[in-house]
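Report on one structure; see the data block that follows.
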């Protein structure tokens, strides 16, 4: 379950199905990632081929899923997904 968002555009996309703050070519993949996060009871459920799920280095512990070559949805995990953000890796 998604508990909190850092990125307002992702929150809008999750709630309404579209957002003017996220490019239209990224919205479908971002929605699929958000749907996986919303329905996951454990982190292992996010290991889906094609989504590039991985743990990030550093503290606090965060994870990422691939939206495109440059963009990742990053998040923490505390009995659900927290602080969901959209980041440009380059």
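The values are calculated or read from the model by the stated rules, or taken from the named source; none is laboratory data. The structure displayed is predicted, hence computed values, not measured ones. Positions of Cβ are backbone-derived with ideal geometry, glycine not excepted, and every protein chain shown enters the neighbour counts.
Couple of notes before you dig in:
- In the stretch 72-87, the condition of being over 9 Å from the mean Cα position of the chain (by Cα) and farther than 16 Å from residue 5 by Cα is met by no residue.
- Check on residue 27, over 10 Å from the mean Cα position of the chain (by Cα) and at pLDDT below 95: no
- Selection count where residues are touching a residue at least 40 places away in the same chain (Cβ under 8 Å) and not in a loop (DSSP other than H, G, I, E, B), scope the stretch 57-74: 2
- Answer residue from the stretch 37-56, given it is within 12 Å of residue 73 (Cα to Cα) and in contact (Cβ under 8 Å) with a residue 12 or more places away in the chain and is surrounded by the most Cβ atoms within 10 Å (Cβ to Cβ) among those: 37
- Qualifying residue in the stretch 45-54 (condition: in a strand (DSSP E or B) and in contact with a strand residue (DSSP E or B) (Cβ under 9 Å, 6 or more places away or on another chain)): yes
- Sole residue being modelled with pLDDT under 95 and not in a helix (DSSP H, G or I), chosen from 90, 21: 90
- Hits in the stretch 21-36 (condition: within 16 Å of residue 87 (Cα to Cα), in contact with a helix residue (DSSP H, G or I) (Cβ under 9 Å, 6 or more places away or on another chain) and free of Cβ contacts under 8 Å to residues at least 40 places away in the same chain): 21, 27, 31
- Qualifying positions in the stretch 1-17 - farther than 14 Å from residue 77 by Cβ, touching a helix residue (DSSP H, G or I) at 6+ places or on another chain (Cβ under 8 Å) and surrounded by fewer than 12 Cβ atoms within 10 Å (Cβ to Cβ): 17
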